[in-house]
Amino acid sequence: MRQHRRTTRILGSLLLVTAAGAFAVGAAPAGGTPEGDTPTPLGRVIPAPASVKTGGAPYRITDSTRIHVDDSREARRIGTYLADVLRPSTGYRIPVTDRQGTGIRLKLGSKDASLGDEGYRLDSGRQGVTITARKPAGLFHGVQTLRQLLPAAVEKDSVQPGPWLVAGGTIKDTPRYGWRGAMLDVSRHFFTVDQVKRYIDQLALYKVNKLHLHLSDDQGWRIAIDSWPRLATYGGSTQVGGGPGGHYTKDDYKEIVRYASSRFLEVVPEIDMPGHTNAALASYADLNCDGVAPPLYTGTEVGFSSLCVNKDVTYDFVDDVIRELAALTPGRYLHIGGDEAHSTSHDDYVKFMDRVQPVVAKYGKTVIGWHQLTGATPAKGALAQYWGLDRTSAEEKERVAAAARAGTGLILSPADRIYLDMKYTEDTPLGLAWAGLVEVKRSYDWDPGTYLPGAPGSAVKGVEAPLWTETIVTPANIDFMAFPRLPGVAELGWSPAATHDWDAYKVRLAAQGPRWDALGIGYYRSPQVPWTAAG
Ligand code: TNX
């Protein structure tokens, strides 16, 4: 088995070497922004495409370029999105038209079943660039690839000289996993709608398709619930370290969902229970077993709060919250937390989950929970989000693996690999270190398919990078912790295992630096990555 894996790995690197050989023609300096008339090598994108054939003349975007779209609302919308990306830096007002022609073409309704719901094909040559897909999501992902094939300066918000060349050749690309997620904890520190949108745009660039919002915790309740209004108005009135906190009105939340969906991300809302509930317990005395509301909490301890499992009002509360949240959620999943319920006895935990999971189903949603849910009885179709570490006990790993063998799908978020709130090194000014220090190579260099011993590869539905915000306060803080690790998680979720190769990846990663500079993303300049001087 081990020998077999190794062979696959070597084959994988050979594939990349071949690709790199093709790139050598007119290749840019390693990791650098191609200069002058040298286009970015096809395939130097993140996530690595499933297949790349280089060759042929490049296409040049000029002031006479048109974006030709199918006569469909979705294709037109994606065309307009692309025109908006290109306008500030090229200075061209590129028209989007449903008339036929050469230039940039965005075509839906491909008959190629192998493209699935998110795949696309990109053909580039002297006459133009054509992206075809079966579904709008695939077209949108293809547009993200096209963006990355253009010089980094395309991301600037003022007119740049160009030239705007796209290398010739063909990319055919489909994702390895359907769940490529990022979680933002808006409870420990609150982030505004605009700040969340900024993160959504960053995620979309790397084909991430789930935004998990951790909407409640001990320090703050962040979503308006009409039937329990004090949750947001009082429970949301502070955050870690004190300060004003905040919450989303239903309209705010709908706007996040709408914006995410315009970037082909599904929002997965989380209400954490039965632990991590101090903000709710502080808002309604009735929810407490002793009928006494605790004070609001602004520290960073975990595991001290619990809903009162043996009180009926608890389930009225849960039903109302899930009903109202489900009504705001076009996506399939609703996350019920379930982690670190250290103040709930095991029997109570099982009892609670047995009662709460059917409520999620009653309102038409599918349960996802942190992997402690596998210590109870996961509902049929439920997903468990694994956040263990290398050093997690074999017993705990086996509990999760056994659930996976019995049909529970897994989302992998190993904390000592892809928790974006872990410090990179001892000197990282932000973040925590309880799971260990997580440099860029460590966060990239593992295989979701074989990660959890005893769990069948088919149980793994994808990966997700959580960003807990005990120490994260501003969008600049988010940037610094997410970049450069987030693109690696996106690649683990999207790219075939055969493309996995740190040495090749780090060069593609370095090439993203100038792009982040252009986008105003302040990233961690890890010494493990060969950044260019200019980047
Ligand atoms: C563990 S992981 C938590 C969070 C903390 C995080 C900090 C998990 C499901 N729970 O409550 O914010 O560590 O890294």
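The values are calculated or read from the model by the stated rules, or taken from the named source; none is laboratory data. All values derive from a computational prediction rather than experimental measurement. Here the Cβ is made from the backbone with ideal geometry for all residues, glycine too, and neighbour counts use every protein chain on show.
Structure notes:
- The set of residues in the range 108-124 that are surrounded by 18 or more Cβ atoms within 10 Å (Cβ to Cβ) and at pLDDT 95 or above comprises LEU108, LEU115, GLU118, GLY119, TYR120, ARG121, LEU122, ASP123, SER124.
- Residue within the range 271-283 that is part of a helix (DSSP H, G or I), closer than 29 Å to ASP347 by Cβ, within 16 Å of the ligand (Cβ to nearest atom) and within 27 Å of the chain's Cα centre (by Cα) present: yes
- Criterion violated by VAL309 - all others in (1) surrounded by fewer than 20 Cβ atoms within 10 Å (Cβ to Cβ); (2) β-branched (Val, Ile, Thr); (3) in contact with a Lys or Arg (Cβ under 7 Å, 6 or more places away or on another chain) satisfied: (1)
- All of GLY454, GLY522 fail the test of being within 25 Å of ALA404 (Cα to Cα) and more than 18 Å from the chain's Cα centre (by Cα), apart from GLY454.
- For the range 457-477, a residue qualifies if it is β-branched (Val, Ile, Thr) and either in a strand (DSSP E or B) or crowded, with 23+ Cβ neighbours inside 10 Å (or both), and the qualifying residues are VAL460, VAL463, THR469, ILE472.
- When the range 340-365 is filtered for residues that are within 16 Å of the ligand (Cβ to nearest atom) and modelled with pLDDT of 95 or more, the ones remaining, listed by number, are TYR349, MET353.
- One residue alone among TRP370, TRP387 is hydrophobic (A, V, I, L, M, F, W, C) and in contact with an Asp or Glu (Cβ under 6 Å, 6 or more places away or on another chain), and that residue is TRP370.
- Any pair with Cβ under 7 angstrom, 6 or more apart, that starts in the range 292-311 at a residue that is under 21 Å from THR469 (Cα atoms) and ends at one that is charged (D, E, K, R): TYR297/ASP218; THR300/GLU470; VAL302/GLU340; GLY303/GLU340; SER305/ASP218
- In the condition set (1) at pLDDT 95 or above; (2) farther than 25 Å from GLY449 by Cβ; (3) of a type outside the set (Lys, Arg), ALA534 is compliant with all but (1).
- In the range 303-343, the residues that are more than 29 Å from the chain's Cα centre (by Cα) and not in a loop (DSSP other than H, G, I, E, B): ASP312, VAL313, THR314, TYR315, ASP316, PHE317
- Selection status of GLU464, out of contact with any Leu (no Cβ under 6 Å at 6 or more places or on another chain), of a type in the set (Asp, Glu) and within 12 Å of the ligand (Cβ to nearest atom): yes
- When TRP516 is tested against (1) under 22 Å from PRO49 (Cβ atoms); (2) touching a residue at least 40 places away in the same chain (Cβ under 8 Å); (3) not charged (D, E, K, R), exactly one condition is not met: (2).
- Applying the criterion of being touching a residue at least 60 places away in the same chain (Cβ under 8 Å) and within 16 Å of the ligand (Cβ to nearest atom) to the residues of the range 397-440, the residue that is surrounded by the most Cβ atoms within 10 Å (Cβ to Cβ) is ILE411.
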